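One structure is given below, encoded as structure tokens.
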Amino acid sequence: MELLKLHHDFISYHKENGTPFILFQGGRRSGKTVSILQFLYMESLTHPGTRTLIVTDTYARLKESIFQDLIMINRSAGGDSRRMRIHFSGGTRVLFETGSDFAFVYAGRDVRGYASNFHYIFFNECIQYDARTVREALKAAGPGCQVFFDYNPYTRFWVNDLYETAGNKLITTYHDNPFLSDFVRRELDRTAAAGKDAAPGTMERYLYEVECRGVDSTLSGLCFPRHKAIPDEEYHTSPLMEILACDWGALHATADPDVICGFRFSSDAIYCHEYYYSREGGDAEMAACLASIPFHRQYLVYDTATEGAGRVRSLFARTGLRFHFSPARKGAGSILTGIRNLQPYELRITASSRHFLAEMENYRFIQRNDTLQPVDDWNHCCDALRYAFDLWSMLPAQRKKC
């Protein structure tokens, strides 16, 4: 079994030096996942009792990608079902004849049961995970554990900022993988030819940068790159009219938070403040928050999901505040349209709005079915922003005054 030389040298160097975190960033078919699995496979055979935890975002990726790669690796190494066995009962796992094993967990699942001194942890396609998922899985690390991250660079990723140090990241492209089939190589060559000289911001350029070069794409970055933090008093002392907007989530015990934000609009900037952000609160807590906001007959745009109208009635009954209640407009394409309409504005977010600021650094475009779509995460304050801006754009000029 031959390992990609570039990956082999990179892994060997960091294994010898005990680097705790090793990052593989690269384009499509550049050999990231297979190389890491080859290394873990060989470690499991040559070091009996090696324990490895592999984190995937979904069971489908585990079944269609990880397992298929492992089967291919085992066959190419001359192994059979005695050397490596995949078990689905009693928890999905891979057992080796040496007593080594692979355990698996999906992003967001409670991993406390796996906290038993793993020698290796591998986060496959880690750009799909939030920091909390990674932190929880890392609790399973044993002494001297080495951690692998692999991902396509749709944007500058928070893993880079937390775990990247000088020299522990390998960026690869399909040119570094000599084992590609001619068909795949021709396909990627065509993608590269179409995008190399394409205009920035086009789909062709995006595919070239991410899939062929393996680098961050300008188009695939943050949905709202023009943002900055401002002092809270700059928002609260502004004479601009305020619109409040809600995004619901926690009523039915979903993982999403309830959000209430305030927005003030000028010709070139939008001032934003996070009033409420909680996964564990309720109507009484939100009503208390609304009652504490200086009331100037603001509009309140409410999310129509999760029984939105009922929640508004509950909040009104608890506060008595006579907001101009307005349901958010939704529909096919409304998210992309809203993001596009907000691009000309600089977002000025109060320094205390920590969740809002975190969303600005993580709400990004990803590729789905050959189209760019915003990731369905880190978007709760951003959804409230879209609702408020949509209402603001429809108000007549005389209504846009306090």
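Think of each Lys and Arg Cβ as +1 and each Asp and Glu Cβ as -1; about the Cα centre, that makes the dipole of the chain roughly 480 debye. By DSSP, the beta bridges lying fully in the stretch 52-197 are antiparallel in about 35 percent of cases.
Considering only alpha-carbon pairs that sit under 8 angstrom and 6 or more positions apart, the relative contact order computed for the chain is 16 percent.
The GluC sites (Glu not before Pro) of the stretch 1-87 that meet both conditions, a loop assignment by DSSP and at most 16 other Cβ atoms within 10 Å of the site Cβ, are GLU2.
The label point for SER334 and the one for GLU234, both projected 7 Å from the Cα toward the Cβ, are 3.1 nm apart.
Per residue, how many Å² of accessible area does the chain show with a 1.4 Å probe?
Values: 18780 Å² over 402 residues.
So the chain comes to 47 Å² accessible per residue, rounded to a whole number.
Put simply, the convex hull of the Cα atoms in the chain casts, on average, a shadow of 22.5 nm².
When the Cα gyration tensor is reduced to axis lengths a ≥ b ≥ c, the ratio a/c stays below 1.5 for the stretch 1-123, which is therefore classed as rounded.
Note on GLU64 and ALA288: with the Förster distance fixed at 51 Å, the Cβ-Cβ geometry gives a FRET efficiency of about 0.60. For the stretch 288-309 and the stretch 330-369, write down the distance between their C-alpha centroids in whole Å. Here the two parts' Cα centres lie 21 Å apart. For the chain, lysine pairs separated by 8 or more sequence positions, or belonging to different chains, with Cα-Cα distances below 19 Å total 7.
Applying a DSSP loop filter and a limit of 15 other Cβ atoms within 10 Å to the chymotrypsin sites (Phe, Trp or Tyr not before Pro) in the stretch 40-142 leaves PHE88.
Here the spin labels are modelled as points 7 Å beyond Cα on the Cα-Cβ line, and at ARG85 and SER12 they lie 3.4 nm apart. Whenever you get a sec, compute what percent of the accessible area on the stretch 21-152 sits on carbon and sulfur atoms (1.4 Å probe). Exposed carbon and sulfur together represent 49 percent of the surface.
Using C-alpha pairs under 8 Å with a sequence gap of at least 6, the mean separation divided by the residue count of the stretch 116-221 gives a relative contact order of 27 percent.
The values are calculated or read from the model by the stated rules, or taken from the named source; none is laboratory data. Worth saying up front: this structure is predicted, and the values here are computed from it rather than measured. Virtual Cβ from ideal backbone geometry, glycine too; neighbours counted across all protein chains shown. Heads up: the accessible areas ignore ligands, DNA and RNA and are worked out on the full protein's heavy atoms, side chains in. Shrake-Rupley method; radii C 1.70, N 1.55, O 1.52, S 1.80 Å.
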